[in-house]
Structure formats: structure tokens, C-alpha cells
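Taken together, the values in this text are just the output of simple stated rules run on the coordinates, not laboratory data. What you see is a predicted model, and the numbers here were worked out from it, not measured in a lab. Glycine also receives a Cβ, built like all others from the backbone with ideal geometry; neighbour counts cover every protein chain displayed.
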Amino acid sequence: MLAETPHAQKLGLALGGSASVTEDQKAGLIEVRVEPKFLMDVSKKLKELGFDHCVSVTAVDYPRENYMDVIWHVSSYSNEELGNKLVSLTVRISRDEPRVGSLVGVWESSLFSERETHEMFGVEFEGHPDLRPLLLPEELLGKWPLRKDFILPKRRSDLFRKGGAQP
């Protein structure tokens, strides 16, 4: 369960009150929620505090509420004390205009994960150096298949290998 633990309070103070910080101590997960305008400053501060590696970037789509949460999972390779902690840096954006600043300049390791999130959810990462398609076949580009309202137009039997799962 997420709570304001002493560790979360300390991190919240270090972030200067520009983020909401809670922690699930059992899971080793620290959730940092921030408004888009504070995203870059908070991410830089997290890196200064020792969270030196972006593990993944993803989004969660809430079509009824018309927003998405974009989440960077960051951890530490260099700080042993932080190595067992995972920070979930979360920013809420509009589903109609899904734009948020890229954090590639802070964590270079977010490069491919931001590309994937762009391709699968349609999130525009402003300032990202390379948002070329990464995974999808051409006919699905711009369709955002991980959004909850996506409907697959048809099944493609050519995507299945002989002997594998059949449609």
C-alpha cells in the first residue's frame, strides 16, 4: 500500500514540494506524481539524488476520464542503498493532446522506451531526438494499439508462424 513513509517524506522534501511522493515499502516502489511543468526539474533532481537509470517508460490510458498517465520507472546502478528502490515518476496528460517533455536528456536510457510509448499510445515526447517507428507494421502506425479503445481492424494470418498459435 502506498503511504507517506519517512523515506517518501525525505524524497518529497528534496524535490522541493513540486511533487507528491508516496511509497510502498514492501514492494520497494516510490511513486512520484508531478505536473508536466515540473517534470524536467523533478527528473533532474532525482538523477542528482542517485536515480541514474531509466528502466522503462510506459503509459496508462483512461479513455472515460480523457487522460493518460505517462510513467518513467527509474532506479540506481551506482548507489547501493537506492538499488533496491524503483521510482515511478508519473505525469498526467490530456488524451486529446498527449504531449509531454522527453527525458532523454536526463536519462539517455529512456530513448527506446519513449519511442515505444509514442508508437503504442500516441504520446508526443517533445524534444525527443528520434521518434521514428520502432515496432509496428506500417498499417498500424498512428493507430495507437495500446490505447483501451483500439480495435484491431482484422487478424493477419501472415503474422503467425507455421506450428505456432493460430488466429
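Distances between every pair of Cα atoms in the chain, grouped in 10 Å steps from 0 to the bin holding the largest one, split as 10, 35, 31, 17, 7, 1 percent. Residues whose amide H falls under 5 Å from that of A59, counting only those 5 or more places apart or on a different chain, are I71, with hydrogens built in the peptide plane. Among the listed pairs K26/K148; K45/K85; K44/K148; K10/K44; K44/K85; K85/K143, those whose Cα-Cα separation exceeds 25 Å are K26/K148; K44/K148; K85/K143.
Hey, got the dipole for the chain? About the Cα centre, +1 on K and R Cβ, -1 on D and E Cβ, debye to the nearest 20?
Details: 22 positive and 26 negative charges, 117 e Å.
Using only the charged Cβ atoms, the result is roughly 560 debye.
Taking other C-beta atoms within 10 Å as the exposure proxy, T117, T90 rank T90, T117 from fewest upward. What the phi angles of the stretch 34-43 give under the Karplus curve with 6.51, -1.76 and 1.60, with θ = phi - 60°, is a coupling list of 9, 6, x, 5, 9, 4, 5, 4, 5, 5 Hz, glycine and proline written as x.
Give me L89, L49 sorted ascending by neighbouring Cβ count inside 10 Å, so fewest comes first. Intermediate results must be reported in sequence, preceding the final value.
Working: L89 24, L49 16.
Listing L89, L49 from fewest to most nearby Cβ atoms yields L49, L89.
Among 126-135, 92-101, sorting by the average number of other beta carbon atoms lying within 10 angstrom of each residue, highest first, gives 92-101, 126-135. Panel order for D41, D52, D149, D61, by other beta carbons found within 10 Å of each beta carbon, from fewest to most: D149, D41, D52, D61. Using +1 at the C-beta of Lys and Arg and -1 at the C-beta of Asp and Glu, which of A14, M40, Q25 has the Cα lying farthest in the positive direction of the dipole of the chain? Projecting each Cα onto the dipole axis, the largest value belongs to Q25. A cut-off of 5 Å between modelled amide H atoms, ignoring neighbours fewer than 5 places along the same chain, links G101 with E126. Amide H to amide H distances under 5 Å link E35 with no residue, where only residues 5 or more positions off or on other chains count and H is placed in the peptide plane. Each part reduced to its alpha carbon centroid, the stretch 102-145 and the stretch 70-96 end up 17 Å apart. In order along the stretch 68-75, phi translates into HN-Hα couplings of 9, 9, 9, 10, 9, 9, 10, 8 Hz, rounded to whole numbers, per the Karplus curve 6.51 cos²θ - 1.76 cosθ + 1.60 with θ = phi - 60° and x for Gly and Pro.
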